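Nothing in this text is a laboratory measurement; each read-out follows from the coordinates by a stated rule. Being a predicted model, the structure only gives us computed values, none of them experimental. No Cβ is skipped: glycine too gets one built from the backbone with ideal geometry, and neighbour counts run over all protein chains shown.
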Amino acid sequence: MIKIITDSTADEIISMHISSTLSGTVNPANVAKEILKTDKVTVINSK
């Protein structure tokens, strides 16, 4: 995820994930966003 964000030329990235109760992808996406200290990414948990 970090490589995708740093390589992106997009103005903003919306990262939508299947419910966190079914998958473990939401937390790593939030961690990547925090590591990069960016508001360019919006992480959505579909719940």
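For residue 13, what residues show an amide H to amide H distance below 5 Å, using hydrogens built from the backbone and excluding near sequence neighbours?
41, 42
Find the relative contact order for the chain and round it to a whole percent, using C-alpha pairs within less than 8 Å whose residues are 6+ positions apart. Walk me through the numbers on the way to the answer.
On the way: 54 pairs, mean separation 23.0, N = 47.
Result for the chain is 49 percent.
Would you work out the charge dipole size for segment 2-45 about its Cα centre, treating the Cβ of every Lys and Arg as +1 and the Cβ of every Asp and Glu as -1, and quote it to the nearest 20 debye?
120 debye
Would you kindly derive the ³J(HN,Hα) couplings of segment 16-29 from the backbone phi angles with the Karplus curve 6.51 cos²θ - 1.76 cosθ + 1.60 (θ = phi - 60°), listing them in order in whole Hz, with x for Gly and Pro?
Ordered by residue, 3J(HN,Hα) equals 9, 10, 4, 2, 5, 6, 9, 9, x, 8, 5, 4, x, 5 Hz.
Just checking my list [x] 24, 17, 16; [y] 30, 17, 15; [z] 36, 20, 15 against Cα extents along the principal axes in Å computed from this structure; which label fits?
[y]
Considering the dipole of the chain built from charges on the beta carbon (Lys and Arg +1, Asp and Glu -1) around the Cα centre, which of 21, 41, 31 is farthest to its positive end?
21
Report the extension gain between residue 21 and residue 34 in nm, rounded to one decimal, defined as 0.36 nm multiplied by the number of residues separating them, less their alpha carbon distance. Intermediate values should be presented prior to the final figure.
Working: separation 13, 0.36 × 13 = 4.68 nm, distance 2.12 nm.
Gain in length upon complete extension: 2.6 nm.
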